[in-house]
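Heads up, the thing below is written out as structure tokens.
The values are calculated or read from the model by the stated rules, or taken from the named source; none is laboratory data. A quick note: this is a predicted structure, and the numbers were derived from the prediction, not measured. We place every Cβ from the backbone using ideal geometry, glycine too, and count neighbours over all the protein chains shown. These area figures cover heavy atoms from the full protein model, side chains too; ligands, DNA and RNA do not enter into them. Shrake-Rupley method; radii C 1.70, N 1.55, O 1.52, S 1.80 Å.
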Amino acid sequence: MKILIVGSGGREHALVWKLAQSPQVENILVAPGNAGTQWTAGEGRAASRNVAIKADDLDALVKFAQEQAIELTVVGPEVPLADGIVDLFTEVGLHAFGPTQTAAQLESSKAFSKAFMQRHHIPTAAYGAFTDYDSASQFVCDFGKPVVVKADGLAAGKGVVVCDTVDEALEALKRILVESEFGAAGAQVVIEERLTGTEASLLAFCDGYDVLMMPPARDHKRVFDNDEGPNTGGMGAYCTGDMSHALLSPELLNEVRDTVLLPTVRGMAAEGIPYKGILYAGLMLTPDGVRVLEFNARFGDPETQVILPLLRADLLKILLACINGNLSNIDSQTLWQKESCAGVVMASGGYPNDYPKGLPISGLDAVSDAVIFHAGTSSNAEGETVTAGGRVLVAVARGSNLENALDSAYKAVEQIHFDGAHYRRDIGRTAMAEASS
Ligand code: AMP
Ligand code: GLY
């Protein structure tokens, strides 16, 4: 089978890495990919090659997929999904994995997502949605509790302001609604109750009716240790398939499946918007129970990089089962390795602010007990692998428990060098501390 992966980050490298192991996959094309997503066939994996088409150039992607007779396209990022890539491919008779444009509103419109959750009694923070500053500010003043202000549309992870005071909330409303900091994505805001607790990402495969949960993972969004500094795209993650530092107990997982994931997929079907693809629930485990912070309509980044190495089964079969609506045929009992997996992101100096590009990366070949998923990398004219983005790569390792996985991931990080590289030294540390307390 000939497959196209859309995107260029660590998530997409992990998807290519896993799908290349599928016996049915002969050839993978990645648009646009990175320096890590190209190789020749051999050692039990299919060949992979980059093509210079941007992930949001939908017309070029559909034309390419038609010309190349691509049999399955897997979409990584949210923007092409929100722009309707799956609808476009389906219209011309091509298979694309992911939700339609209307279904992707669970991520692309926070107002849609909150109203949907309210209609279907899915546990989430109390909220209001507004398009004008006066009503929004009145709501904040009347609310009487700390709030979070969110731009309705996609804002590359920057559209959420967690506020300590009323003044901060009013300032955020002004920036989004009056000064249009996020353009059309901020034409509406969602204001919701600020919750406290620990966060977990729970991703599930969906076929329009059924769901198949992946083991829960945790992202580390702040740039510095101890969750200090500004937010990033994610500085590391871990996933515990061995349950030694389980983010959610088996009982809680079942509860989330029954109160969040299934009602969402069944509710979407009942509203005539069948949801196929990945449903990613960003959860807050509050003292009052689990609450949904947000839905994403795609694989998480960097969660995917630490989840897929624990998948024993053929990913292709699961993706096809989602498209064909027969996910219930997949045996969920033996799908996941009972181990942990950890990933540490190495970022460019200065990230998440300005950073240099084109710096040579050394030591990649020295790594043995870890997989290096590339994110912001490219090959220069001399064929060297150089930095090309803020998050450059993620070192991912498995272990019989979280501690072993983290040890191997950090050993790999220490072998890799580029000028100005920085990474967090406390990935997974909270989980280890929670387990020993
Ligand atoms: P979102 O993109 O909606 O997941 O928000 C990004 C981050 O903002 C989340 O990962 C949380 O850390 C924080 N956040 C979002 N909603 C809330 C909330 N209601 N209460 C507290 N923190 C929140
Ligand atoms: N890890 C956060 C995201 O993928 O949105």
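Tell me, yes or no, whether the stretch 64-73 has at least one residue that is within 21 Å of the chain's Cα centre (by Cα) and touching a residue at least 24 places away in the same chain (Cβ under 8 Å).
Yes, the stretch 64-73 contains at least one residue that is within 21 Å of the chain's Cα centre (by Cα) and touching a residue at least 24 places away in the same chain (Cβ under 8 Å).
Restricted to the stretch 174-202, and to residues that are of a type in the set (V, I, T) and open to solvent by 40 Å² or more (accessible area, probe 1.4 Å), which residue is nearest to ligand 2 (Cβ to nearest atom)?
Within the stretch 174-202, the match that is nearest to ligand 2 (Cβ to nearest atom) is T198.
Identify, from the list G272, G267, G325, the residue that is over 18 Å from the mean Cα position of the chain (by Cα) and free of Cβ contacts under 8 Å to residues at least 24 places away in the same chain.
The conditions single out G272.
Restricting to the stretch 221-234, name every residue that is within 16 Å of ligand 2 (Cβ to nearest atom) and either more than 10 Å from R424 (Cα to Cα) or open to solvent by 50 Å² or more (accessible area, probe 1.4 Å) (or both).
If the condition is that a residue be within 16 Å of ligand 2 (Cβ to nearest atom) and either more than 10 Å from R424 (Cα to Cα) or open to solvent by 50 Å² or more (accessible area, probe 1.4 Å) (or both), then K221, R222, D227, P230, N231, T232, G233, G234 are the ones that fit.
Answer with yes or no whether C341 is surrounded by 18 or more Cβ atoms within 10 Å (Cβ to Cβ), touching a strand residue (DSSP E or B) at 6+ places or on another chain (Cβ under 9 Å), outside any helix (DSSP H, G or I) and not aliphatic (A, V, I, L, M).
When the stated conditions are applied, C341 passes them.
Just for the stretch 69-107: of the residues that are surrounded by fewer than 24 Cβ atoms within 10 Å (Cβ to Cβ) and small (G, A, S), which one is farthest from ligand 1 (Cβ to nearest atom)?
Here the residue is A69.
Residue by residue through the stretch 168-197, note down the ones that are of a type in the set (A, V, I, L, M) and within 13 Å of ligand 1 (Cβ to nearest atom).
Listed by number, the residues that qualify are A169, A172, A185, V189, V190, I191, L195.
Looking only at the stretch 388-400, decide whether some residue is buried (at least 17 other Cβ atoms within 10 Å of the Cβ), in a loop (DSSP other than H, G, I, E, B), of a type in the set (A, V, I, L, M, F, W, C) and in contact with a strand residue (DSSP E or B) (Cβ under 9 Å, 6 or more places away or on another chain).
yes
Condition first: open to solvent by 20 Å² or more (accessible area, probe 1.4 Å), within 30 Å of A65 (Cα to Cα) and within 21 Å of the chain's Cα centre (by Cα). Can you find one or more residues in the stretch 156-171 that meet it?
Yes, there is a match, as at least one residue in the stretch 156-171 is open to solvent by 20 Å² or more (accessible area, probe 1.4 Å), within 30 Å of A65 (Cα to Cα) and within 21 Å of the chain's Cα centre (by Cα).
Does the stretch 267-288 contain any residue that is modelled with pLDDT of 95 or more, open to solvent by 50 Å² or more (accessible area, probe 1.4 Å) and touching an Asp or Glu at 6+ places or on another chain (Cβ under 8 Å)?
yes
What residue, among those in the stretch 15-24 that are touching a residue at least 60 places away in the same chain (Cβ under 8 Å) and open to solvent by less than 10 Å² (accessible area, probe 1.4 Å), is farthest from L61 (Cα to Cα)?
S22
Can you name the residue in the stretch 203-220 that is assigned to a strand (DSSP E or B) and open to solvent by 20 Å² or more (accessible area, probe 1.4 Å) and, of all such residues, is nearest to ligand 1 (Cβ to nearest atom)?
D219
Which residues, taken from the stretch 357-379, are in a loop (DSSP other than H, G, I, E, B) and surrounded by 13 or more Cβ atoms within 10 Å (Cβ to Cβ)?
K357, L359, I361, G363, V367, D369, A370, A375, G376
Among strands (runs of 3 or more DSSP E) lying entirely in the stretch 221-270, which contain 3 or more residues that are not basic (K, R)?
Counting at least 3 such residues, we get 228-231, 236-240.
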